[in-house]
């Protein structure tokens, strides 16, 4: 150990390790929320960059991933807010089709579910995506959305009911 190593405190959060382990899943989350790959990657990159800069100020380093998830959700909300101002009178948003092969593979059921998710209120959409796409627990969702566990459960329940009605399923 050198003298410099003794003077510099160890990083409480290994942001590079978190990035390597969770980047792809968070980009997928953001992609479902904002609808395009480039914006999703930008939102996630910004969340990790801000976490890296403020890593020494995190109160609980074990909750860094929850903090990053919250930052990604907040970034997605900001993007959607900006879009709503710019595109108030534009045609309804359709998810992009990245290639002819993916267009063929994308089934009608999946398109209907994505359209149904898009029509849900923001909070219900976020809760459903975190639960059923990222497979997070109620506690992890509560941390990411900064709401109570009972609010998460009721939001998911209402979101599933609304999605079922939109898709024509019987409750």
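Normalised Debye scattering of segment 111-171 at q = 0.22, 0.28 Å⁻¹ gives log10 I(q)/I(0) of -0.81, -1.16, counting only Cα atoms as equal scatterers and leaving out solvent.
Placing a pseudo-label 7 Å from each Cα along the Cα-to-Cβ vector at residue 132 and residue 166 gives an inter-label distance of 1.0 nm.
Annotation for residue 28 and residue 82: the two label points, set 7 Å from Cα along the Cα-Cβ direction, are 2.6 nm apart. Distance between the modelled labels on residue 112 and residue 49, one decimal in nanometres: 4.1 nm (7 Å Cα→Cβ projection). Here the convex hull built on the C-alpha positions of segment 10-90 has a volume of 85 cubic angstrom per residue.
The numbers here are math on the coordinates, done by the rules we state, and not lab data. If you're wondering where the values come from, they're calculated on a predicted model, not measured in any experiment. Every residue, glycine among them, receives a Cβ derived from its backbone with ideal geometry; neighbour counts consider all protein chains shown.
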